[in-house]
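Q: Below you'll find the structure I mean.
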Amino acid sequence: MHIDIITCLPKLLESPFADSILKRAIDKGIVELTVHDLRPFSTNKHHATDDYAFGGGAGMVMMIEPIDRCISSLKEHRQYDEIIYMSPDGELFTQSLANQLSLKKNLILLCGHYKGVDERVREHLVTREISIGDYVLSGGELAAAVLCDSIIRLIPGVLSDETSALTDSFQDGLVAPPVYTRPADYKGWKIPEVLLSGHGAKIEEWRHDMALERTKQRRPGLTP
Ligand code: ADE
């Protein structure tokens, strides 16, 4: 998979990909991820990427020209499955959408800032708009990092034990069951006996029951 992220604050996207699972996926060559600074695509003498809103009002608006130039230059090298604008009013990101996107080959993620992008970017340049939740972040960068993390970990070969992505919460419409590790008794707080039984089928049954119970209690809206 190849992911191009377009941003006017590239530094915000350095650390999420510099460690752990995402770094390993990049090092193994399973994912190629490039962060593109929007500034060099500005024809403005100060390399500005934003301007005042027509009609007045507080807040700057990201200009269409640098975004169009950046996307066009990327399209010269690849065909993109989706050009995604990260926006609080986009389609809500879910595990099911993460699964769909993890099957794509080439993605562009566009990060908004300030008051957002010139509406014509949304009308003419992007194919999809995604929100990671009903709250407003200062920009789309952290949202893009969240989206990348959740889709990259689903690509076969990224997690060393592939089944661990399959047993994630939401993957089967249920939240994950509780997990425990040593010691089995800490200050008298004991783990469920069944986990010490060595009986694989019973343990699986217990895990499934717990996942059902937890889903009912915590996330009754989920449909298994
Ligand atoms: N940009 C600002 N807030 C956002 C959100 N909640 N999701 C995606 N992009 C955003």
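The values are calculated or read from the model by the stated rules, or taken from the named source; none is laboratory data. Here the structure is a predicted model, which is why all the values come from computation and not from measurement. Cβ sites come from the backbone with ideal geometry, for glycine too, and all protein chains shown count toward neighbours. Note: accessible area is taken over every heavy atom of the protein model, side chains too, but ligands, DNA and RNA are not part of it. Shrake-Rupley method; radii C 1.70, N 1.55, O 1.52, S 1.80 Å.
Q: Might you work out the accessible area of residue 46 for me, using a 1.4 Å probe with all protein chains in place, and round it to the nearest 10 Å²?
A: 130 Å²
Q: Which percent, to the nearest 5, of DSSP beta bridges fully inside the chain are antiparallel?
A: Bridges in the chain that DSSP calls antiparallel: roughly 20 percent.
Q: What shape does the chain take by its C-alpha gyration tensor, where a ≥ b ≥ c are the square roots of the eigenvalues and a/c under 1.5 counts as rounded, a/b above b/c as prolate, and the rest as oblate?
A: Details: a/c = 2.65, a/b = 2.16, b/c = 1.23.
Because a/c hits 1.5 or more and a/b exceeds b/c, the chain counts as prolate.
Q: Protein chains only, probe 1.4 Å: how do 131, 197, 15 rank by accessible area, largest first?
A: Working: 131 5, 197 65, 15 85 Å².
From most exposed to least exposed: 15, 197, 131.
Q: Enter the accessible area of residue 166 (Å², nearest 10), with the probe set to 1.4 Å and all protein chains included.
A: The value for residue 166 is about 120 Å².
Q: Sort the stretch 1-41 into rounded, prolate or oblate with this rule: let a ≥ b ≥ c be the square roots of the eigenvalues of the Cα gyration tensor; rounded if a/c is under 1.5, and if a/c is not under 1.5, prolate when a/b is larger than b/c, oblate otherwise.
A: Values: a/c = 3.88, a/b = 1.73, b/c = 2.23.
Cα axes put the stretch 1-41 in the oblate bin.
Q: I've got another one for you. Would the stretch 63-148 count as rounded, prolate or oblate if I go by the C-alpha gyration tensor, calling it rounded below 1.5 in a/c and otherwise prolate when a/b exceeds b/c, oblate otherwise? Can you show the working numbers first?
A: Numbers: a/c = 1.97, a/b = 1.10, b/c = 1.80.
Here the stretch 63-148 falls in the oblate category.
Q: In the chain, once you exclude exposed GluC sites (Glu not before Pro) (DSSP loop, at most 15 other Cβ within 10 angstrom), what's the longest stretch remaining? Can you show the working numbers first?
A: Details: sites that count: 14, 76, 162.
For GluC sites (Glu not before Pro) (loop position, at most 15 other Cβ atoms within 10 Å), the longest site-free span of the chain is 77-161.
Q: Additional query: Over the heavy atoms of residue 89, what accessible area does a 1.4 Å probe trace out, to the nearest 10 Å²?
A: Counting only protein heavy atoms, the figure is 100 Å².
Q: May I ask for the distance between the Cα centers of the stretch 1-80 and the stretch 127-187, given as a whole number of Å?
A: Taking the Cα centre of each part, the stretch 1-80 and the stretch 127-187 sit 24 Å apart.
Q: At residue 123 and residue 78, where each label point lies 7 Å from the Cα along Cα→Cβ, what is the point-to-point distance in nanometres?
A: With each label point 7 Å from Cα toward Cβ, the separation is 2.8 nm.
Q: Now a separate question. Report the net charge of residues surrounding residue 91, where surrounding means a beta-carbon distance below 10 angstrom and charges are Lys +1, Arg +1, Asp -1, Glu -1.
A: Once positives and negatives cancel, what remains is -1.
Q: What list of ³J(HN,Hα) couplings, whole Hz, do you get for the stretch 90-107 from phi and the Karplus terms 6.51, -1.76, 1.60, once you set θ to phi - 60° and write x for glycine and proline?
A: Along the stretch 90-107, the couplings run x, 4, 5, 6, 9, 4, 5, 5, 4, 4, 4, 5, 5, 8, 7, 9, 10, 10 Hz.
Q: Going by accessible area, probe 1.4 Å, with all protein chains left in place, what is the ranking of 189, 206, largest first? Intermediate values should be presented prior to the final figure.
A: Details: 189 170, 206 45 Å².
So the residues, ranked largest to smallest area, are 189, 206.
Q: Here's another thing I want to ask about it. Order 7, 181, 167 by their accessible area, 1.4 angstrom probe, all chains in place, largest first.
A: Ranked list, largest accessible area first: 181, 167, 7.
Q: Sum -39500 (n - 2.57) across every DSSP H segment of at least 4 residues in the chain, then divide by the residue count to get the 222 nm mean residue ellipticity, nearest 500. List each step's numbers first, then the result.
A: Details: 7 runs with 69 residues, N = 224.
Calculated mean residue ellipticity at 222 nm is -9000 deg cm²/dmol.
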